[in-house]
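Q: Have a look at this one.
The numbers here are math on the coordinates, done by the rules we state, and not lab data. Computed from a prediction, not measured in an experiment: that's the story for all the values here. Cβ coordinates were reconstructed from backbone atoms using ideal geometry, including for glycine residues, and neighbour counts include every protein chain displayed.
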Amino acid sequence: MISDKYGWPKGPINAMELWNEPWEGISISGWGADMLRYRALYTAMAQGIVASRKESKTNVLIGGTCSSSNTMDKLFPDGSDTFLKWLDFTSSTTSRSR
């Protein structure tokens, strides 16, 4: 895993998140990214980071889906806290028009 070699304090990576806005249906890139597929990939990423923390002594944070609303929608729609153990932060991207 990337975080084994480049995770903090061994390298510059201090956090990872699984891309922006997992769309239902077909995204603008043409990749079908429904919630179930997103959650499976998120689980794999999170388990890899947790293993890296343990085995390689890295300290990499696990992030949500680039916004708090997408994180709530994709990881917590059923009200359960299953993914909470794998969520250290949510980020927010904003754009400004001039």
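Q: If packing is taken as the mean number of other Cβ atoms within 10 Å per residue, what is the order of 53-65, 79-91, 5-17, highest first?
A: 53-65, 5-17, 79-91
Q: How large is the convex hull of the C-alpha atoms of segment 38-88 per residue, in Å³? Don't skip to the answer; put the middle values down first.
A: Values: hull volume 3.5 nm³, N = 51.
For segment 38-88, the hull spanned by Cα atoms encloses 69 Å³ per residue.
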